[in-house]
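The values are calculated or read from the model by the stated rules, or taken from the named source; none is laboratory data. The model shown is predicted, which means the values in this text are computed figures rather than measured ones. Neighbour counts are summed over all protein chains in view; Cβ atoms, including those assigned to glycine, are modelled from backbone coordinates with ideal geometry. Note: areas computed on protein heavy atoms with side chains; ligands, DNA, RNA excluded. Shrake-Rupley method; radii C 1.70, N 1.55, O 1.52, S 1.80 Å.
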Amino acid sequence: LPALWSDVDGARLAEECLGRKAEAYCWRQTTSMVYLEVRVPEGTPARDLRVEMRPSHLRVSVGSAAPLLDEELHMRIYVGSNADDQSSVWELQDRRCLVFHLVKWHRLEAGNVRDASRTWWRQCFASEEPFENKVPTNAYYDTRKEERR
């Protein structure tokens with residue numbers, strides 16, 4: 001298998017203020033979703049993962065080991081319920097990468113913001129350095145990109 005995130009242009013993601021590529025994780029966003037990929041030890045079965053998703057916090061560990069990720073989110077996500085098709089979910093890919101599909105709490109579809117600029121995340125985690133921009137770049141509003149993801 002190719003190295004994780006080898007196909008991701010981290011410099012461009014950061015330049016367009018759409019996400020970041022780090023050693024342990026990679027994230028990107030659209031106006032309604034945040035896609036977060038977290039590295040887990042290769043060969044990890046899904047049944048060994050302990051994943052906790054709360055509206056403002058994510059925690060991931062394997063078995064009883066120390067957490068791989070234990071972070072406060074920059075903004076809230078919609079956790080929902082099992083019966084809700086708009087809830088945030090996670091999946092394990094190739095037994096080495098945990099992928100979160102996080103539904104943004106503030107989104108046009110939910111009717112709790114008036115314009116898409118209010119849905120933009122300057123950072124994924126509270127501990128992460130925010131983008132220098134105070135407002136999203138034009139790339140954030142490009143809906144064709146959202147359809148291709």
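Observations
- Farthest towards the positive end of the charge dipole of the range 1-127, among the residues LEU36, VAL62, HIS106, is the Cα of HIS106, using unit charges on the Cβ of Lys, Arg, Asp and Glu.
- Estimated vicinal HN-Hα couplings, Hz - the range 5-21 in sequence order (Karplus 6.51, -1.76, 1.60; Gly, Pro = x): 6, 5, 8, 9, 8, x, 5, 5, 3, 5, 4, 7, 6, 10, x, 8, 10
- Between the range 36-61 and the range 126-140, the Cα center-to-center distance that results, in Å: 25
- Sulfur and carbon atoms: percent of accessible area, the range 2-49 [1.4 Å]: 48
- Panel note: the C-alpha atoms of the chain, placed on their principal axes, show extents of 43, 36, 29 Å (largest first).
- Surface analysis of the chain yields an accessible area of 58 Å² per residue, using protein heavy atoms and a 1.4 Å probe.
- For the chain, size of Cβ-based charge dipole, Lys and Arg +1, Asp and Glu -1, in debye: 220
- For the chain, averaging the sequence separation of C-alpha pairs within contact (under 8 Å, six or more residues apart) and dividing by the residue count gives a relative contact order of 23 percent.
- Spin-label model distance (nm) - GLU15 vs GLN86, 7 Å beyond Cα toward Cβ: 3.5
- Between GLU129 and VAL62, full extension at 0.36 nm per residue minus the direct alpha carbon distance yields a gain of 21.5 nm.
- Accessible surface comparison of LYS21, LYS104, probe 1.4 Å, protein chains only, largest first: the order is LYS21, LYS104.
- Treating r as the C-beta distance of ARG76 and ASP7 and R0 as 41 Å, the FRET efficiency rounds to 0.90.
- With θ taken as phi - 60° and the Karplus curve 6.51 cos²θ - 1.76 cosθ + 1.60 applied, the whole-hertz 3J(HN,Hα) list for the range 42-59 is 4, x, 5, x, 4, 5, 8, 7, 10, 10, 10, 10, 10, x, 10, 8, 10, 9 Hz, x standing for glycine and proline.
- Counting 0.36 nm for each residue step from ALA139 to ALA46 and taking away their Cα separation leaves a gain of 30.0 nm.
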